[in-house]
Number of protein chains: 2
Amino acid sequence: MADKKKRRRAVATSDSDSDSESDPLHFKSKLKPDSSILQTLTALKSASASTSRPATLSSLNLPTAFREVSDLPLSSVQSTIESLALSLAHSILSGHGFSFSVPSRASANQLYVPELDRIVLKDKSSSRPFASVSSVRKTTITTRILQLIHQLSLKNIHVTKRDLFYTDVKLFQDQSQSDSILDDVSCILGCTRSSLNVVASEKGVVVGRLIFSDNGDMIDCTKMGMGGKAIPPNIDRVGDMQSDALFILLVEKDAAYMRLAEDRFYNRFPCIIVTAKGQPDVATRLFLRKMKNELKLPVLALVDSDPYGLKILSVYGCGSKNMSYDSANLTTPDIKWLGVRPSDLDKYKIPEQCRLPMTETDIKTGKDLLEEDFVKKNPGWVEELNLMVKSKQKAEIQALSSFGFQYLTEVYLPLKLQQKDWL
Amino acid sequence: MADKKKRRRAVATSDSDSDSESDPLHFKSKLKPDSSILQTLTALKSASASTSRPATLSSLNLPTAFREVSDLPLSSVQSTIESLALSLAHSILSGHGFSFSVPSRASANQLYVPELDRIVLKDKSSSRPFASVSSVRKTTITTRILQLIHQLSLKNIHVTKRDLFYTDVKLFQDQSQSDSILDDVSCILGCTRSSLNVVASEKGVVVGRLIFSDNGDMIDCTKMGMGGKAIPPNIDRVGDMQSDALFILLVEKDAAYMRLAEDRFYNRFPCIIVTAKGQPDVATRLFLRKMKNELKLPVLALVDSDPYGLKILSVYGCGSKNMSYDSANLTTPDIKWLGVRPSDLDKYKIPEQCRLPMTETDIKTGKDLLEEDFVKKNPGWVEELNLMVKSKQKAEIQALSSFGFQYLTEVYLPLKLQQKDWL
């Protein structure tokens, strides 16, 4: 009976029509006029624009040597491959056979550089000789991939990793082999995978105060309805970015993105809203980085309050381990963790039934994250993550719907922005 | 040694720079001028536009009774819920308690209607009384969902199924429960799920000769670069479709879509290119249907040559079983199977190493499909599927890349169109 009463109360509480009830701490009444919040955001933007250009590996003068790749124009990719082919031919003609010097991408060769706030690759390389039983296959595949990339550079077209695999299934056998050697080839040539014109499939969408060109077409993202604009797979055909936004709102999930797009949140608080719908793909990471660099806007992240939310934030922020050779081009430094943070659960009185217990794996992932350098350098994040692991509770962005479908856009986010409540 | 020679030959064959070699049967030389192919397509379009409006359930005068839902304006959804609530209150006040009459969505209550070429729901219903231990929970959830949908209709906003779940986690317990009852509520109210303003997350993209409005913004899909326009989650805000296309090209996979978009295939052969990136989601199905109905265009499908390719085609064409109550609104009749068809594998000399052996599950799925009515009514499809199951070979669209990255857009598709090679 008591239980029934409780349930009835829960139903009443989550009725979004009665705002005073739905808002246990009357959060809505704490909201100042939008003009005051806009002032806060303008200050944030100026601060973000004035921060000096981030350090580069070479400017740091570190004792260790590192290997990084950069975006190269197609013509350079082409000539680099041709020079390499020439030197291999020389080597063969002079009776030495041939071999590739391949940078190691193993984790033992990776290092987190706090000054850069990202993972980079040290300079260990290994030799991949053709005349060796153990490496003849890999050497052959490497040569073939170089040939295919050369073709792409001549034609100036983009293909997927899957297309690449299918050009020679008999040799590659399975896609993981051509994929992995494609990464090797990036390292060998010293250029990003996008420079090779091999693209990943697109997942991300963008909406809000942004105008940019996609393959020559001008796109106005305030005029993209609710669906938004699909983020193009090939960043090299994206350009001419213009914006009057005050910040970029990076959203983990589709559902929250939809709410923000339908409510045209970007009209009330000028911003660009972007999501990769879960795990960040390369195209979205490149797009975010380009926006941040060209528009000098602060990036605020809205992710689930669980270890994966933070992990996703970290992939945008300091890179994934298996593409660390390309971290300089893929990462967006200085992303602020806006929400949903573990401390928000109590602060915003997220009802118990909307919180989920963390599984053993969740807790382990959380504890592992506490050991990561990129978390440790931000004391606020450590505190939040400690709270999460201790409380053993997680919550999705959608949990805010328990106070009404539009609580996210009408109360939670405006209040967060007003209170500068980011870390 | 022999093997090595063969491999070397394979490498040479798949070299896309040498066209005569890359094209074992000189397919490229079979291509007529585009003007001739365009004539073929114009004829196809006229034929498609002149076919009489498809039959409706009521026009068939079938002996059995059926239940179908339709798109209702928000105001009707609202008033229908209010009338229902009134009748429940009456029933309670007159001492009879209350119960819902819920149409059965079980497979025993489903029927494939060949005249309509889709699955429909028969009219079996069951009672869901509040005053019964076995149904009190479901009745409570049904009431709560009706209340939430009523709120959505008042506010005229869209939410996801996940949002809906989070408004009352304690009651719903897990999302499958609120999802399933949401489908019940559609049936009870006799309207589509889109009419309830509950949308699925968007996955699809569209590019090519289409102009439409998304939430009031006019979108020109020829000016969407390579990324294309994300298909909006809420079809009711999509309208004003205009097009000079001759057909719609429905593509299963992302990679093929990208190739077509980058090569601006729609400029050579006026068409609209659309993909859901794998399994069709509701938003893409609704969008395709709307295009076909409003623009009266033929739909040609490009899917993998495996049982799942055909299954995906069938979901677009005649619906999925668990949403059969809504088949009239979700399906696009008369989709032509353009490729990649099992007979193409030999016809286009897809190299052995680019074909994959079918697994036991694949073969079983293929055999099951042969029993499905929607396959049986098309003798051409039966023949192709028989060939697939017999040869035990499958191939992806990407397998065409073995003849060069642009073989798909420059040879395969133009030749298919020229030869009217669709089923």
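The values are calculated or read from the model by the stated rules, or taken from the named source; none is laboratory data. What you are looking at is a predicted structure, and each value in this text was computed from that prediction instead of being measured. No Cβ is skipped: glycine too gets one built from the backbone with ideal geometry, and neighbour counts run over all protein chains shown. Surface areas here come from the heavy atoms of the whole protein model, side chains and all, with no ligands, DNA or RNA. Shrake-Rupley method; radii C 1.70, N 1.55, O 1.52, S 1.80 Å.
Select from the range B:164-183 the residues that are more than 17 Å from B:Val282 (Cα to Cα) and acidic (Asp, Glu) and write down the one among them that is farthest from the chain's Cα centre (by Cα).
The selected residue is B:Asp168.
For the range A:371-398, enumerate the residues that are open to solvent by 50 Å² or more (accessible area, probe 1.4 Å), closer than 18 Å to A:Ser314 by Cα and assigned to a loop (DSSP other than H, G, I, E, B).
Step one: of the range A:371-398, the residues open to solvent by 50 Å² or more (accessible area, probe 1.4 Å) are A:371-373, A:376-377, A:379, A:383, A:386-387, A:390-392.
The next check asks that each one be closer than 18 Å to A:Ser314 by Cα; those that pass are A:371-373, A:376-377, A:379, A:383, A:386.
Of everything in the range A:371-398, those that are open to solvent by 50 Å² or more (accessible area, probe 1.4 Å), closer than 18 Å to A:Ser314 by Cα and assigned to a loop (DSSP other than H, G, I, E, B) turn out to be A:Glu371, A:Glu372, A:Lys377.
What about B:Thr160, is it surrounded by 20 or more Cβ atoms within 10 Å (Cβ to Cβ), within 14 Å of another protein chain (Cβ to nearest Cβ) and more than 26 Å from the chain's Cα centre (by Cα)?
no
Suppose the filter is within 14 Å of another protein chain (Cβ to nearest Cβ) and at pLDDT 95 or above; does A:Ser343 pass it? Talk me through it step by step, then tell me what you get.
Numbers: within 14 Å of another protein chain (Cβ to nearest Cβ): no; at pLDDT 95 or above: yes.
No; evaluated as a whole, the condition is false for this residue.
Please go through the range B:243-258 and pick out each residue that is under 24 Å from B:Thr42 (Cα atoms) and either basic (Lys, Arg) or free of Cβ contacts under 8 Å to residues at least 40 places away in the same chain (or both).
The one that is under 24 Å from B:Thr42 (Cα atoms) and either basic (Lys, Arg) or free of Cβ contacts under 8 Å to residues at least 40 places away in the same chain (or both): B:Asp244.
What is the residue count in the range B:61-90 for residues that are surrounded by 14 or more Cβ atoms within 10 Å (Cβ to Cβ) and among the polar types (S, T, N, Q)? Talk me through it step by step, then tell me what you get.
Restricting attention to the range B:61-90, the residues satisfying the condition of being surrounded by 14 or more Cβ atoms within 10 Å (Cβ to Cβ) are B:62, B:66-69, B:71-72, B:74, B:76-78, B:80-81, B:84-85, B:88.
From what's left, among the polar types (S, T, N, Q): B:76, B:78, B:80.
Within the range B:61-90, residues that are surrounded by 14 or more Cβ atoms within 10 Å (Cβ to Cβ) and among the polar types (S, T, N, Q) number 3.
Look at the range B:380-398 and say how many of its residues are among the basic types (Lys, Arg) and either within 10 Å of another protein chain (Cβ to nearest Cβ) or at positive phi (or both).
Selection size over the range B:380-398: 1.
Give all pairs with beta carbons closer than 8 Å in which a residue from the range A:368-393 that is charged (D, E, K, R) meets a residue that is open to solvent by less than 70 Å² (accessible area, probe 1.4 Å) and outside any helix (DSSP H, G or I); count only pairs at least 6 apart in sequence or on separate chains.
Final answer for the pair search is A:Glu372/A:Tyr112; A:Asp373/A:Tyr112; A:Lys377/A:Asp117; A:Glu384/A:Trp337; A:Glu384/A:Arg341; A:Glu384/A:Leu423; A:Lys392/A:Met358.
Before we move on, is A:Phe212 within 11 Å of chain B (Cβ to nearest Cβ), aromatic (Phe, Trp, Tyr) and more than 22 Å from B:Ile231 (Cβ to Cβ)?
In short, no.
Please tell me if B:Ser101 is at pLDDT 90 or above, under 23 Å from B:Ala328 (Cβ atoms) and either among the small types (Gly, Ala, Ser) or not in a helix (DSSP H, G or I) (or both).
Taking the combined requirement at face value, the residue satisfies it.
For the range A:199-218, enumerate the residues that are open to solvent by less than 40 Å² (accessible area, probe 1.4 Å) and in contact (Cβ under 8 Å) with a residue 40 or more places away in the chain.
From the range A:199-218, those open to solvent by less than 40 Å² (accessible area, probe 1.4 Å) are A:199-200, A:202, A:204-208, A:210, A:212-215, A:217; that's our starting set.
Scanning the range A:199-218 gives A:Val199, A:Ala200, A:Glu202, A:Gly204, A:Val205, A:Val206, A:Val207, A:Gly208, A:Leu210.
For A:Leu154, state whether it is within 26 Å of B:Phe265 (Cα to Cα), within 9 Å of chain B (Cβ to nearest Cβ), open to solvent by less than 10 Å² (accessible area, probe 1.4 Å) and outside any loop (DSSP other than H, G, I, E, B).
no
So B:Lys170 clears everything in (1) within 30 Å of A:Val238 (Cα to Cα); (2) assigned to a helix (DSSP H, G or I); (3) facing another protein chain (nearest Cβ under 7 Å) except one condition, right? Which one?
(1)
Which members of the range B:368-402 meet the condition of being out of contact with any helix residue (DSSP H, G or I) (no Cβ under 6 Å at 6 or more places or on another chain) and of a type in the set (D, E, K, R)?
Those that are out of contact with any helix residue (DSSP H, G or I) (no Cβ under 6 Å at 6 or more places or on another chain) and of a type in the set (D, E, K, R): B:Asp368, B:Glu371, B:Glu372, B:Asp373, B:Lys376, B:Lys377, B:Glu383, B:Lys390, B:Lys392, B:Lys394, B:Glu396.
Being open to solvent by less than 10 Å² (accessible area, probe 1.4 Å), closer than 30 Å to B:Arg264 by Cβ, out of contact with any Pro (no Cβ under 6 Å at 6 or more places or on another chain) and without any contact (Cβ under 8 Å) to a residue 40 or more places away in the chain: is that true of A:Leu182 here?
The answer is yes for A:Leu182.
Could you please let me know if B:Tyr316 is within 28 Å of B:Met358 (Cβ to Cβ) and either charged (D, E, K, R) or modelled with pLDDT of 90 or more (or both)?
On the way: within 28 Å of B:Met358 (Cβ to Cβ): yes; either charged (D, E, K, R) or modelled with pLDDT of 90 or more (or both): yes.
In short, yes.
Which one of B:Asp346, B:Asp368, B:Asp326, B:Asp334 is open to solvent by less than 20 Å² (accessible area, probe 1.4 Å) and among the acidic types (Asp, Glu)?
B:Asp326
Evaluate the range B:399-415: report whether one residue or more is out of contact with any strand residue (DSSP E or B) (no Cβ under 7 Å at 6 or more places or on another chain), more than 14 Å from every other protein chain (Cβ to nearest Cβ), part of a loop (DSSP other than H, G, I, E, B) and open to solvent by less than 40 Å² (accessible area, probe 1.4 Å).
no
Give me the strands (runs of 3 or more DSSP E) completely within the range A:219-319, filtered to those with at least 2 residues that are β-branched (Val, Ile, Thr) and open to solvent by less than 20 Å² (accessible area, probe 1.4 Å), ordered by residue number.
A:247-251, A:271-275
Residue-wise test of (1) aliphatic (A, V, I, L, M); (2) at pLDDT below 95; (3) outside the structural domain of A:Gly227 (by TED's automatic domain parsing).
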| residue | (1), (2), (3) |
| --- | --- |
| A:Val251 | yes, no, no |
| A:Lys277 | no, yes, no |
| A:Leu297 | yes, yes, no |
| A:Leu302 | yes, no, no |
| A:Tyr308 | no, yes, no |
| A:Asp334 | no, yes, no |
| A:Pro357 | no, yes, no |
| A:Thr361 | no, yes, no |
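Take the conditions facing another protein chain (nearest Cβ under 8 Å) and of a type in the set (Lys, Arg) and apply them to B:Lys223. Does it pass?
So B:Lys223 passes the test.
All but one of (1) open to solvent by 70 Å² or more (accessible area, probe 1.4 Å); (2) within 30 Å of B:Ser243 (Cβ to Cβ) hold for B:Ala55, so report the exception by its number.
Looking at each condition in turn, B:Ala55 falls short on (1).
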